[in-house]
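Everything on this sheet refers to the single structure shown next.
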Amino acid sequence: MTFTTNAQAERANALREALATRVVVADGAMGTMLQAQDPTLEDFQQLEGCNEVLNVTRPDIVRSVHEAYFAVGVDCVETNTFGANYAALAEYEITDRNFELSEAGARVAREVADRFTAETGRQRWVLGSMGPGTKLPTLGHIGYTTVRDAFQINAEGLLTGGADALLVETTQDLLQTKSAIVGARRAMDALGVSVPLICSVTVETTGTMLLGSEIGAALTSLEPLGIDMIGLNCATGPAEMSEHLRYLARHAGIPLSCMPNAGLPVLTKDGAHYPLSATELADAHEGFVADYGLSLVGGCCGTTPEHLARVVERVRGAAPGARDPRPEPGASSL
């Protein structure tokens, strides 16, 4: 292992305290910054597009992305492990490398975070990214136990590599989300560690998750699983997330997060373009922090170090706006 249990526990507790008292800023997009450095097919070990392989073959590229975000002042970065899950790795026929790639991704981020902590005297953290995969268990694409067990391996790798929290992100199917949360909990139990468990769902422009669940259903289903934070990421820009965040602010009994895209993508001859400026993202987060009491903010697709630099200037360290959540009772409590 690349960490001691005591050191990890101290970092995790410090992160919990920070999230409870001030706004913590995470990083932005990862994949586009990796691709911008033109990794070769050899770098991908002939598995073109499998960014997680770069954690092993080109840690210098992955390291440079983390450095770019820490350099503008973010508090934490996400590991390059979005696709380190059964469904995504199965497409490359490398499901046996789940632990290896997860651990490597966390270790690279941990090294950069520790260096910035030492150089600046301010604690920096690593969020272990657990992406959704490409198969939906609710639709029968894959079995629940298969994805749950693979998420446990994913999480064990992230924790072994030194992640300070686990981020179940971009979730589209509540059964898939549950499998990731349960897998993460099993990993913590297996390793004897406890870190914050954050869950970030994706709500489409339709106003629901991909399979039709609205934000109230997501909150009712996920909060009882013992997550430490719930929020939104991906799919849309901040404008489309506002009403969903308003609902969470009124009803969630746990802290909130938000990592939007840089607006809705606009298709151009050069591909998708995300139109939201750095200032506009900072404006949105400033409003969300004040109005909805967000504790963790960052960016998703289309966001860059420039975007996060403006967010850092505007909200890092600020006190989240006051909330008075009124959870809606479920049938059992009634």
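The values are calculated or read from the model by the stated rules, or taken from the named source; none is laboratory data. From a predicted model like this one, the values you see are computed outputs, not experimental measurements. Neighbour counts run over all protein chains shown; Cβ positions are idealised from the backbone, glycine included. Just the protein is used for accessible areas: all its heavy atoms, side chains included, with ligands, DNA and RNA removed. Shrake-Rupley method; radii C 1.70, N 1.55, O 1.52, S 1.80 Å.
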Test result for THR134, β-branched (Val, Ile, Thr), within 15 Å of the chain's Cα centre (by Cα) and outside any helix (DSSP H, G or I) | no
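Scan the range 137-168 residue by residue and report those that are in a loop (DSSP other than H, G, I, E, B) and polar (S, T, N, Q).
Going through the range 137-168, the residues in a loop (DSSP other than H, G, I, E, B) turn out to be 140-143, 162-164.
Result: no residue meets the conditions.
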Total residues in the range 1-32, condition closer than 22 Å to GLU52 by Cβ and either modelled with pLDDT of 95 or more or open to solvent by 70 Å² or more (accessible area, probe 1.4 Å) (or both) = 7
From the list GLU67, GLU78, GLU52, pick out the single residue that is touching a Gly at 6+ places or on another chain (Cβ under 7 Å) and closer than 30 Å to LEU15 by Cα.
-> GLU52
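Every residue, every condition in (1) of a type outside the set (Gly, Ala, Ser); (2) within 26 Å of ASP189 (Cβ to Cβ); (3) in contact with a helix residue (DSSP H, G or I) (Cβ under 8 Å, 6 or more places away or on another chain), yes or no:
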residue	(1), (2), (3)
GLU214	yes, no, no
ALA218	no, yes, yes
PRO224	yes, yes, no
HIS244	yes, no, yes
ILE254	yes, yes, yes
For the range 215-236, which residues satisfy the criterion of being over 25 Å from GLY28 (Cα atoms) and not in a helix (DSSP H, G or I)?
-> GLY226
Set VAL201, VAL193: member being surrounded by 20 or more Cβ atoms within 10 Å (Cβ to Cβ) and touching a residue at least 12 places away in the same chain (Cβ under 8 Å) | VAL201
Evaluation of THR206 against (1) surrounded by fewer than 24 Cβ atoms within 10 Å (Cβ to Cβ); (2) within 18 Å of ALA88 (Cα to Cα) (one fails), failing number = (2)
Hey, does the range 40-53 have a residue that's over 28 Å from GLY237 (Cβ atoms), in a loop (DSSP other than H, G, I, E, B), among the β-branched types (Val, Ile, Thr) and over 20 Å from the mean Cα position of the chain (by Cα)?
-> yes
Which residue pairs have Cβ atoms closer than 7 Å, lie 6 or more positions apart in sequence or on different chains, and pair a first residue in the range 268-285 that is among the hydroxyl-bearing types (Ser, Thr, Tyr) with a second residue that is not in a strand (DSSP E or B)?
-> TYR274/ASN261; TYR274/ALA262; TYR274/GLY263; TYR274/PRO265; TYR274/CYS301; TYR274/GLY302; THR279/ARG310
Give me the pairs: first residue in the range 214-233 and polar (S, T, N, Q), second residue modelled with pLDDT under 95 and assigned to a loop (DSSP other than H, G, I, E, B), beta-carbon distance under 7 Å, and six or more apart or on different chains, which are they?
-> THR220/GLY330
What is the one condition in (1) within 26 Å of MET130 (Cβ to Cβ); (2) part of a loop (DSSP other than H, G, I, E, B); (3) of a type in the set (D, E, K, R) that ARG323 does not satisfy?
-> (1)
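Any chance you could count how many residues in the range 60-72 are open to solvent by 10 Å² or more (accessible area, probe 1.4 Å) and touching a residue at least 60 places away in the same chain (Cβ under 8 Å)?
Filtering the range 60-72 for residues open to solvent by 10 Å² or more (accessible area, probe 1.4 Å) gives 60, 63-64, 67-68, 71-72.
Checking which are touching a residue at least 60 places away in the same chain (Cβ under 8 Å) leaves us with 68, 71-72.
Within the range 60-72, residues that are open to solvent by 10 Å² or more (accessible area, probe 1.4 Å) and touching a residue at least 60 places away in the same chain (Cβ under 8 Å) number 3.
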Restricted to the range 260-318, and to residues that are in a helix (DSSP H, G or I) and β-branched (Val, Ile, Thr), which residue is most open to solvent (accessible area, probe 1.4 Å)?
-> THR279
Among the residues of the range 69-107, the number that are farther than 25 Å from VAL147 by Cβ, in a helix (DSSP H, G or I) and under 17 Å from the mean Cα position of the chain (by Cα) is 2
The range 90-118, subset of a type in the set (Ser, Thr, Tyr) and in contact with a helix residue (DSSP H, G or I) (Cβ under 7 Å, 6 or more places away or on another chain), residue surrounded by the most Cβ atoms within 10 Å (Cβ to Cβ) = SER102
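Tally up the residues in the range 119-141 that are out of contact with any Phe, Trp or Tyr (no Cβ under 7 Å at 6 or more places or on another chain) and surrounded by fewer than 24 Cβ atoms within 10 Å (Cβ to Cβ), please.
Start the filter on the range 119-141 by keeping residues that are out of contact with any Phe, Trp or Tyr (no Cβ under 7 Å at 6 or more places or on another chain), which leaves 119-123, 125-128, 132, 134-136, 138-141.
If we keep only those that are surrounded by fewer than 24 Cβ atoms within 10 Å (Cβ to Cβ) as well, we get 119-123, 134-136, 138-141.
Result for the range 119-141: 12.
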Here the qualifying pairs (Cβ atoms under 6 Å; residues six or more apart or on different chains; first in the range 301-315 and free of Cβ contacts under 8 Å to residues at least 60 places away in the same chain; second open to solvent by less than 50 Å² (accessible area, probe 1.4 Å)) come out as ARG310/ALA278; ARG310/ALA282; ARG314/ALA282
When the range 149-167 is examined, which residues are found to be touching a Lys or Arg at 6+ places or on another chain (Cβ under 8 Å) and open to solvent by 20 Å² or more (accessible area, probe 1.4 Å)?
-> GLN152
